[in-house]
Structure formats: C-alpha cells, structure tokens
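A.B. asks: I have a structure here, written as structure tokens, and I will follow up with some questions on it.
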Amino acid sequence: MSSLSGHVCLISGGGSGIGAGIAGKFAVEGASVAICGRRTEPLSLLAEKMRDQGGQVLAIPGDVSLEEDVERIVAQTQAAFGPITILVNNAGISGGQPIHDHGVERWDRILAVNLRGPFLLARAVLPGMRSMRSGHILQISSETSLRHYAGSGAYGVSKHALNALSEYIQKENQDYGIRVDTICPGMVVTEMTRGRPNLNEDLCLYPEDIAELAHFLVTRRANIKIGTPVLIQTMDNPWQK
C-alpha cells in the first residue's frame, strides 16, 4: 500500500512551483489531491498530467484570500474525495519594499494571500479534522520568516506572521491529534524566482526537495515531534556576487 493511500490532500498554489512538486509527490504516494490557485491553465495542465500518471487529482480555480472561494474550494474537495486529512498552505505572492516606501494596495494584497489565505483554509478544515481527531496542516513559509531582511516589506512580515499562526493552530489542536508543521525553504527555483540576477540556480533548492521533506513530515510516526519551523537550505550560498 502507498504511504498516503486513503488520504485527501488540499494544496493551495498547487499549479506550479513548490505546490506542484508536493502535489505530484503526494499523488504518487496514493493521496487524492485537490490543487487550487488563481490561474486556471496551469492547474488544468498539471491535473491532466497527474491523471495520465494514474493520480486522483481535482483542479479548482479560486482565490484563497476570499472567504467565499475558500468555502467553495473546500466543499468541492470534500464532495469529490471525502474529508480533508492534509492541508498544504502553499499559495503566496512575493513583493517587498522598505516600509516607508511600501504601497498600501500592494501591502494589503500580499498579506491577504500570504496570511489571510492560510487562516481561512485552516479555519475551514479544522472542524472536520477535530471531529476525526486527526489531520495534518503544512504551512509553506520562507527562510525570510526567520530573518529580518531590509526591504522585504510585506512579504517578510507575512511569513513571520504565518509562523506565529502555525504555532497557535498547533497549540489549540494538538489534543485532537492534529499536527502542524511549518517549512521554511531557502531559495527555491520556481517561476517566481527563475532568472534573478546573480542567482546560481545550480546551487538552489528545487520543488522536489521541498516535496520530499513534506512527505516525510506527513508520514512520520505519530509520536515523533519535529521542531517548528523547519528550515531547509542549501549548503552553498546560491547568490553570486
């Protein structure tokens, strides 16, 4: 039997990058996987590819910063596959400036996707997980959440806050058999990062690296506690001067 057989996984930002890497890994391991995101075409293409490989996959367009979209995404996932046992909060957008230069509209949008989205999705799935007395939530944060980089602006603030949100969810739900893990990757080669000046992509992480860690976290024995957040980096600095 595959390691995730019988599990139902919902992955936000699942059409590309880290989300797509995790979706592929979890589907191969037997999970029924729902991927959601704002861009319909990448979701559809990935879902078709995964189905061709034998995966049980559902693509659901939607914006996780909107309450009504989150409710619809969760309802469609449950209607197709049953109760959600694994939530991966991966959707995120980048962007930062010095605080005194930061545009309010951009600030609000980044916080809406990177923080309100994980809150809304967790709030939507937790009642079901609590009733089952089991479940797993993976938060995809960032190395930026563990440092204070000048100029990272709303992105850095959102990821620091996401780590705190994860701790609150864990404390409030660990007596119900629910585990929360936060992954903080260093530089990962994705659509969002590819082609940046002075970045040596050969020295970067790749979505498959994060997917392997995510798989370990959701399949480890129940009595094993992993310190959170989990920082994953490369040995060599990928930024070349």
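The values are calculated or read from the model by the stated rules, or taken from the named source; none is laboratory data. Note that this is a predicted model, so its numbers are computed, not measured. Every residue, glycine among them, receives a Cβ derived from its backbone with ideal geometry; neighbour counts consider all protein chains shown.
A.B. asks: Any residue at all in segment 187-196 that's within 23 Å of Gly24 (Cα to Cα) and outside any loop (DSSP other than H, G, I, E, B)?
C.D. replies: Checked segment 187-196: at least one residue is within 23 Å of Gly24 (Cα to Cα) and outside any loop (DSSP other than H, G, I, E, B).
A.B. asks: Here is a list: Val33, Val28, Val57, Val8. Which entry is in contact with a Pro (Cβ under 8 Å, 6 or more places away or on another chain), modelled with pLDDT of 95 or more and not acidic (Asp, Glu)?
C.D. replies: Val8
A.B. asks: If we only count strands (runs of 3 or more DSSP E) wholly inside segment 1-61, which ones have 1 or more residues that are within 15 Å of the chain's Cα centre (by Cα)? Please lay out each step first, then the result.
C.D. replies: Working: elements: 8-12, 32-37, 56-61.
The strands (runs of 3 or more DSSP E) meeting that bar are 8-12, 32-37.
A.B. asks: What number of residues in segment 146-160 are modelled with pLDDT of 95 or more and closer than 12 Å to Pro229 by Cα?
C.D. replies: Count: 2.
A.B. asks: Follow-up. Note down all Cβ pairs under 8 Å where the first residue falls in segment 216-227 and is among the basic types (Lys, Arg) and surrounded by 10 or more Cβ atoms within 10 Å (Cβ to Cβ), the second is modelled with pLDDT under 95 and assigned to a loop (DSSP other than H, G, I, E, B), and they're at least six residues apart or on different chains.
C.D. replies: Note: pairs meeting the criteria are Arg220/Ile226.
A.B. asks: How many residues are touching a helix residue (DSSP H, G or I) at 6+ places or on another chain (Cβ under 9 Å), assigned to a loop (DSSP other than H, G, I, E, B) and more than 22 Å from Val33 (Cβ to Cβ) if we restrict to segment 200-240?
C.D. replies: Of the residues in segment 200-240, 10 are touching a helix residue (DSSP H, G or I) at 6+ places or on another chain (Cβ under 9 Å), assigned to a loop (DSSP other than H, G, I, E, B) and more than 22 Å from Val33 (Cβ to Cβ).
A.B. asks: Looking for whichever is surrounded by fewer than 20 Cβ atoms within 10 Å (Cβ to Cβ) and in contact with a Pro (Cβ under 9 Å, 6 or more places away or on another chain) here; the options are Arg51, Arg39. Which one fits?
C.D. replies: So the residue among Arg51, Arg39 that is surrounded by fewer than 20 Cβ atoms within 10 Å (Cβ to Cβ) and in contact with a Pro (Cβ under 9 Å, 6 or more places away or on another chain) is Arg39.
A.B. asks: Looking only at segment 104-114, count how many residues are touching a helix residue (DSSP H, G or I) at 6+ places or on another chain (Cβ under 9 Å) and surrounded by fewer than 17 Cβ atoms within 10 Å (Cβ to Cβ).
C.D. replies: So the count comes out to 3.
Yes/no matrix, rows are residues, columns are (1) in contact with a strand residue (DSSP E or B) (Cβ under 7 Å, 6 or more places away or on another chain); (2) surrounded by fewer than 17 Cβ atoms within 10 Å (Cβ to Cβ); (3) among the aliphatic types (A, V, I, L, M):
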residue	(1), (2), (3)
His160	no, no, no
Leu165	no, no, yes
Tyr168	no, yes, no
Glu172	no, yes, no
Tyr176	no, yes, no
Thr182	yes, no, no
Pro185	yes, no, no
Pro197	no, yes, no
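A.B. asks: For residues in segment 189-230 being modelled with pLDDT of 95 or more and among the aliphatic types (A, V, I, L, M), which is nearest to Ser2 (Cα to Cα)?
C.D. replies: Val218
A.B. asks: Going through Gly135, Gly96, Gly117 one at a time, which residue ends up being within 21 Å of His7 (Cβ to Cβ), touching a Ser or Thr at 6+ places or on another chain (Cβ under 6 Å) and crowded, with 18+ Cβ neighbours inside 10 Å?
C.D. replies: Answer to the selection: Gly135.
A.B. asks: Test each condition in (1) farther than 24 Å from Arg221 by Cα; (2) in contact (Cβ under 8 Å) with a residue 40 or more places away in the chain for Met50 and report the one that comes out false.
C.D. replies: Failing condition for Met50: (2).
A.B. asks: Separate question: Given the conditions (1) surrounded by fewer than 16 Cβ atoms within 10 Å (Cβ to Cβ); (2) closer than 16 Å to Ile11 by Cβ; (3) touching a Lys or Arg at 6+ places or on another chain (Cβ under 9 Å), which single one is not true for Ala80?
C.D. replies: (3)
A.B. asks: Condition first: touching a Phe, Trp or Tyr at 6+ places or on another chain (Cβ under 9 Å) and exposed (fewer than 14 other Cβ atoms within 10 Å of the Cβ). Now tell me which residues in segment 54-72 satisfy that.
C.D. replies: Across segment 54-72, there are no qualifying residues.
A.B. asks: So, one more: State whether the residues of segment 100-112 include one that is of a type outside the set (Ser, Thr, Tyr), at pLDDT 95 or above and not in a helix (DSSP H, G or I).
C.D. replies: Scanning segment 100-112 turns up no residue that is of a type outside the set (Ser, Thr, Tyr), at pLDDT 95 or above and not in a helix (DSSP H, G or I).
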